[in-house]
């Protein structure tokens with residue numbers, strides 16, 4: 001689990017750094033370009049659509065893990081919109097709470113027990 005934690009930390013640092021530079025150079029307005037690439041039906045759009053499906057999967061898993069409670073749904077929205085910035089922090093916290101137990105990490109404490 002240590003290697004996974006290191007991977008998540010590396011992702012968090014890399015994405016946070018890259019995102020900060022991108023926002024500084026291009027501003028916050030991601031959506032017109034993101035969806036514009038999808039509408040153009042080229043490779044950048046294919047990548048964006050594929051990535052958006054991964055975001056949706058992440059959001060559904062996080063919400064499911066929290067039994068689709070109000071808090072779980074809110075975390076799902078954060079997972080969809082926050083991407084790896086959210087998920088790396090979320091997983092680092094949940095790994096600590098699960099005490100490194102992969103079953104608890106993936107299923108949540110109630111389902112794993």
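Since every read-out is calculated from the coordinates, none of them should be taken as a lab result. Being a predicted model, the structure only gives us computed values, none of them experimental. Methodologically, a virtual Cβ is constructed for each residue, glycine included, from the backbone with ideal geometry; neighbour enumeration extends over all protein chains shown.
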Legend entry - Which labelled figure in [x] 115; [y] 90; [z] 207 is volume of the Cα convex hull per residue in Å³, once derived from the coordinates: [x]
Legend entry - Percentage relative contact order, the chain, counting C-alpha pairs under 8 Å, at least six apart: 25
Inset, instruction - Sketch the reach of a paramagnetic label on residue 112 as a point 7 Å from Cα along Cα-to-Cβ, and name the residues of region 62-100 whose backbone nitrogen lies under 14 Å away. - result: 65-66, 91-100
Inset, instruction - Pop a pseudo-label 7 angstrom from the Cα along the beta-carbon direction at both residue 39 and residue 5 and give the gap in nm to one decimal. - result: 4.6
Legend entry - Value at 222 nm in deg cm²/dmol, rounded to 500, when DSSP H runs of n ≥ 4 in the chain each add -39,500 (n - 2.57): -28000 deg cm²/dmol
